[in-house]
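A.B. asks: Attaching a single structure in structure tokens format; questions to follow.
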Protein chains: 2
Amino acid sequence: MCAGDDKSCPEYESHRLRQSLALDQERRSFVKSAFAAAGGLAALGAGGISLVTPEMARAAAANQPAKRGYHHLPATSETVHWGYFSKKLKPQVEIDPGDFVTIEALTHHAGDDWDRMIKGDPGAESVYLWTRDKKGVNRRGAGPIDASLFGRGAGEGLGVHICTGPVFVRGAQEGDVIELRIIDVTPRPCANPSYPGKAFGSNAAAWWGFHYKDLLTEPKPREVITIYEVDATGERNWAKAVYNFRWTPQTDPFGVVHRTIDYPGVPVDHATVKENHGILKGVRIPIRPHFGVIGLAPKEADIVDSIPPSYTGGNIDNWRIGKGATMYYPVAVEGALISVGDPHASQGDSELCGTAIECSLTGTFQVVLHKKADLAGTALEALDYPMLETQNEWLVHGFSYANYLAELGADAQSEIYKKSSVDLALRDAFRKMRHFLMTTKKLSEDEAISLMTIAVDFGITQVVDGNWGVHAVIRKDLFSGVEA
Amino acid sequence: MCAGDDKSCPEYESHRLRQSLALDQERRSFVKSAFAAAGGLAALGAGGISLVTPEMARAAAANQPAKRGYHHLPATSETVHWGYFSKKLKPQVEIDPGDFVTIEALTHHAGDDWDRMIKGDPGAESVYLWTRDKKGVNRRGAGPIDASLFGRGAGEGLGVHICTGPVFVRGAQEGDVIELRIIDVTPRPCANPSYPGKAFGSNAAAWWGFHYKDLLTEPKPREVITIYEVDATGERNWAKAVYNFRWTPQTDPFGVVHRTIDYPGVPVDHATVKENHGILKGVRIPIRPHFGVIGLAPKEADIVDSIPPSYTGGNIDNWRIGKGATMYYPVAVEGALISVGDPHASQGDSELCGTAIECSLTGTFQVVLHKKADLAGTALEALDYPMLETQNEWLVHGFSYANYLAELGADAQSEIYKKSSVDLALRDAFRKMRHFLMTTKKLSEDEAISLMTIAVDFGITQVVDGNWGVHAVIRKDLFSGVEA
């Protein structure tokens, strides 16, 4: 390959990108050292009470090479897919079960403040590249590539998240379960030398928010972007607001005018907006760094909108999916095809206005594969929903439709946006928690229903992702007693 | 008065009850000593960050006598009203602002296991008294006294909670705000000598539960009662199941057959049910003692079903309304008329199957009165919803209808049961949290909406009380920062 300096090289763009990433040592080494500081590989395996028993761990280990591999997947225009999942995507990295992989995830709201969230960052710049003639990543969303539906742009923004991946897990097949351990999560430091030691995120109170048609003050309706500052040095566990502005019609480099936030990655021209500084004075927002999107490719369709969460995970938007948590996902296609995106610095249960503090993050994961044949009689047998385990809790995720692609017919991907309710999501969460207690804990239905009424907390995960979510939280220590 | 030993005395029943209560020293002294152990009066007033500023506290104190009074309101057939609120009720105790009052609250599910929850307890026996000829408390619910609607019994069970009170607060008038500090909460020890040091509660998976029409196993549908044991000595912070049974048609002492749980206080004949022991083995349920119902009399109607919560509180069923918490309620009628009932040993967010661990408790409260004239410009100005403050959080309570009595017309009390949804309750919780942030914290609407999206958690309080509930939780320490 050329060194990124030979414009006549047919792969000049690609080589140049790799070269610039290689030069991006300082920021990259931060991520690596953070992983090392957290104990790295050595700290793992201690475990506690878990859905995975020692027997299951042994069975999983039997499918792993003797030595754990470590992989790094940067976020670049070549390693991301924007706004969709697809079982047809070429894997960006192949890993063995048990391997570790560090994955960079970029927020799709970085265009709200190019200076703070893109400038000087080769990976982000490659993804966000958009000139009169070309885009770093053309397709954004699962819609038509020729924008024949709404004219917004390729993919039509039917799906918005920049997803890094997919990661192909060797040996993973439909019916298996992926145990994804989130080893570490760190903010992506701002690469602009004007903001050393800082990271930034954007919160968009957008047209798809729960509040949008229910505003008190003029002008109505309106979309408002708030930019938050997050400490990237690891010293502060809170974020603070920097400024906000009202969205104004933005003309993208191809000349399309976006009156609302209808297409991801449109760079906001700050000459057209009024920045209000001095907002939320003295307010410190506790950070809860997590990934809004971690998903496996579904089998039901070739290209699937990244917005509605479903049985293989995706855009669950639960802030508890952060460092120290473990997710369990059913595998739907060969290789599992894991993608990571929608990084959040913080979010409340409900994600009310439409987005979190959307802030680029880097995660380090260990990927364990549980083969279907090893799962008979275990807590993960026939798992058909994404499940979360934290140090002290188990959580099931209910959606208005548990598998909307299968349930809502040929037009599922548009129908889902018309049919969601919290009531339906609660219904699904109830059924999943009952299933969890009856299978994993071997309770009778009557025991399960009584227990979930007196000891399980149902919360509203999100009401902005097409397929609305309710999570149910049960504490592990309920089961720690010995019958006296 | 006679000493409860002269059957010819016209007030024999009443005197006998008082006498037996006076003899009930051992159990009563437990409650008192628990209050003393918790620091009693001396411990109060330290406070922390609160909605009530020192200025507001001084203004409130100006309306209080120099010395705090202490009152004790036992639960007896003469001090409770069953299944309804009413501004017409005669106060059971009159207190000055700032006074302390200990209020005994009886569960309305004690009839599920008379031996464990009523027997030997003079107060409970007086309330639950029901022979062929008479009931200790005749009216149970806001329905017709002649049971002309369904024939279930007086009041028709349209409202179910045994409420102790009302407490008349001198000087309280419409537009004022009651600050109710929950100083202590203790389980009511079982009075049956067979169960020393224990308390018991009942969880009914009932026809009004969210699960009822969505069962997996036969027979469908069914109602199931689970009896739980709670430690009454204060040494254990968990409950455990004792046994469960399926509800069978129960014939009450007046001869009415109750095929489902359609009228409160029906004593279950255990010869007709099969007790399943050995259930939920080894499961320890963390206790969260709290009052499902604390409410002020509404002004909109003379007699109001106790089940749907509303702007004056009532059956909010939030497990956080326990020891150490403070509630703020708008006063709707003269004297405020506070009643307490529906004691719970534990409950999860959603109260899914219809009830909590329904378990008699005794609470000690301090009642502070904030006069309307003192509230201008404060966090409590024009408060028109029940608000909760804990040590570290503020919570607003959204309902499907914020004030259903005013919103749903003449048939509000039946209409409310047809119209609730979690979505509507989330809408109301969003509006209330926005109001709270814009008034109390002086944020702009845009600031409030962004903040509640990234830092406020919305949870499902209950989906079984006619008027469904969603609570929004915000941490106080968000506002502790100093702008750098």
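The values are calculated or read from the model by the stated rules, or taken from the named source; none is laboratory data. Remember, predicted model here, so these are calculated numbers, not experimental data. Here the Cβ positions follow ideal geometry from the backbone for every residue, glycine too, while neighbour counts run over all protein chains shown. Areas reflect the complete protein model, heavy atoms only, side chains present, ligands, DNA and RNA absent. Shrake-Rupley method; radii C 1.70, N 1.55, O 1.52, S 1.80 Å.
A.B. asks: Residue check, A:F254 against (1) open to solvent by less than 10 Å² (accessible area, probe 1.4 Å); (2) hydrophobic (A, V, I, L, M, F, W, C); (3) out of contact with any helix residue (DSSP H, G or I) (no Cβ under 7 Å at 6 or more places or on another chain), all met but one. Which one?
C.D. replies: The failed condition is (1).
A.B. asks: Quick check on my filter: what residues within the stretch A:429-484 are among the basic types (K, R) and either crowded, with 22+ Cβ neighbours inside 10 Å or closer than 30 Å to A:G159 by Cα (or both)?
C.D. replies: The answer is A:R431, A:K432, A:R434.
A.B. asks: Condition first: assigned to a loop (DSSP other than H, G, I, E, B) and more than 9 Å from chain B (Cβ to nearest Cβ). Now tell me which residues in the stretch A:335-363 satisfy that. Show your work before the answer.
C.D. replies: Initial filter on the stretch A:335-363 (assigned to a loop (DSSP other than H, G, I, E, B)): A:335-337, A:347-349, A:351-356, A:359-360.
Those that are assigned to a loop (DSSP other than H, G, I, E, B) and more than 9 Å from chain B (Cβ to nearest Cβ): A:G335, A:A336, A:L337, A:C359, A:S360.
A.B. asks: I've got another one for you. Of the numbered conditions (1) within 14 Å of another protein chain (Cβ to nearest Cβ); (2) open to solvent by less than 10 Å² (accessible area, probe 1.4 Å); (3) assigned to a loop (DSSP other than H, G, I, E, B); (4) not aromatic (F, W, Y), B:A332 satisfies every one except a single condition; which is it?
C.D. replies: Only one criterion in (1) within 14 Å of another protein chain (Cβ to nearest Cβ); (2) open to solvent by less than 10 Å² (accessible area, probe 1.4 Å); (3) assigned to a loop (DSSP other than H, G, I, E, B); (4) not aromatic (F, W, Y) is unmet by B:A332, namely (1).
A.B. asks: If you go through the stretch B:218-237, how many residues are within 14 Å of another protein chain (Cβ to nearest Cβ) and open to solvent by less than 50 Å² (accessible area, probe 1.4 Å)?
C.D. replies: Total meeting the criteria: 10.
A.B. asks: Considering each residue of the stretch B:413-422, count those that are surrounded by fewer than 18 Cβ atoms within 10 Å (Cβ to Cβ), more than 7 Å from chain A (Cβ to nearest Cβ), touching a residue at least 24 places away in the same chain (Cβ under 8 Å) and small (G, A, S), and give that number. First the steps, then the outcome.
C.D. replies: The first filter runs over the stretch B:413-422 and keeps only residues surrounded by fewer than 18 Cβ atoms within 10 Å (Cβ to Cβ), leaving B:414-415, B:417-419, B:421.
Then drop every residue that is not more than 7 Å from chain A (Cβ to nearest Cβ), which leaves B:414-415, B:417-419.
Next, only the ones that are touching a residue at least 24 places away in the same chain (Cβ under 8 Å) stay: B:417.
Filter again for small (G, A, S), leaving none.
Of the residues in that region, 0 qualify.
A.B. asks: Which of the residues spanning the stretch A:270-298 are in a loop (DSSP other than H, G, I, E, B) and among the β-branched types (V, I, T)?
C.D. replies: A:T272, A:V273, A:I279, A:V283, A:I287
A.B. asks: Do we find that B:A429 is of a type outside the set (F, W, Y), out of contact with any Cys (no Cβ under 6 Å at 6 or more places or on another chain) and more than 23 Å from A:V473 (Cβ to Cβ) in this structure?
C.D. replies: When the stated conditions are applied, B:A429 does not pass them.
A.B. asks: Just the residues that are within 26 Å of B:A412 (Cα to Cα), of a type in the set (V, I, T) and within 9 Å of another protein chain (Cβ to nearest Cβ), please, taken from the stretch B:454-463. Even if it seems obvious, please write down each step before you answer.
C.D. replies: Pass one, the stretch B:454-463, residues within 26 Å of B:A412 (Cα to Cα): B:459-463.
Narrowing further to those that are of a type in the set (V, I, T): B:460-461, B:463.
Correct list: B:I460, B:V463.
A.B. asks: Among the residues of the stretch B:442-453, what is the count of those that are in a loop (DSSP other than H, G, I, E, B) and facing another protein chain (nearest Cβ under 8 Å)?
C.D. replies: Selection size over the stretch B:442-453: 2.
A.B. asks: Which condition number in (1) in a loop (DSSP other than H, G, I, E, B); (2) open to solvent by 10 Å² or more (accessible area, probe 1.4 Å) is the one that A:F168 fails?
C.D. replies: Of everything listed in (1) in a loop (DSSP other than H, G, I, E, B); (2) open to solvent by 10 Å² or more (accessible area, probe 1.4 Å), A:F168 misses just condition (1).
A.B. asks: Tally time: how many residues in the stretch A:309-329 are part of a loop (DSSP other than H, G, I, E, B) and open to solvent by 10 Å² or more (accessible area, probe 1.4 Å)?
C.D. replies: Going through the stretch A:309-329 one residue at a time, the tally reaches 5.
A.B. asks: Within the stretch A:423-437, does at least one residue satisfy the condition of being at the interface with another protein chain (Cβ under 9 Å from one of its Cβ atoms) and part of a loop (DSSP other than H, G, I, E, B)?
C.D. replies: no
A.B. asks: Among the numbered criteria (1) touching a residue at least 60 places away in the same chain (Cβ under 8 Å); (2) within 30 Å of B:A429 (Cα to Cα); (3) open to solvent by less than 40 Å² (accessible area, probe 1.4 Å), which single criterion is violated by A:D214?
C.D. replies: It is condition (1) that A:D214 fails.
A.B. asks: Those residues that are within 15 Å of B:T312 (Cα to Cα) and more than 14 Å from chain A (Cβ to nearest Cβ), I need them from the stretch B:400-412; list them, please.
C.D. replies: Hits for the stretch B:400-412 are B:Y401, B:N403, B:Y404, B:L405, B:A406, B:E407.
A.B. asks: Which of the residues spanning the stretch B:196-211 are over 30 Å from A:A425 (Cβ atoms) and surrounded by fewer than 18 Cβ atoms within 10 Å (Cβ to Cβ)?
C.D. replies: From the stretch B:196-211, those over 30 Å from A:A425 (Cβ atoms) are B:196-200; that's our starting set.
Residues satisfying the conditions are B:P196, B:G197, B:K198.
A.B. asks: Can you tell me how many residues in the stretch B:131-157 are in contact with a Gly (Cβ under 7 Å, 6 or more places away or on another chain) and either more than 29 Å from B:V367 (Cβ to Cβ) or without any contact (Cβ under 8 Å) to a residue 40 or more places away in the chain (or both)?
C.D. replies: Matching residues across the stretch B:131-157 total 6.
A.B. asks: Give me a count of the residues in the stretch B:390-408 that are at pLDDT 95 or above and surrounded by fewer than 23 Cβ atoms within 10 Å (Cβ to Cβ).
C.D. replies: Pass one, the stretch B:390-408, residues at pLDDT 95 or above: B:390, B:393-408.
In the following step, the residues that additionally are surrounded by fewer than 23 Cβ atoms within 10 Å (Cβ to Cβ) were identified as B:390, B:393, B:402-403, B:405-408.
Residues meeting the conditions: 8.
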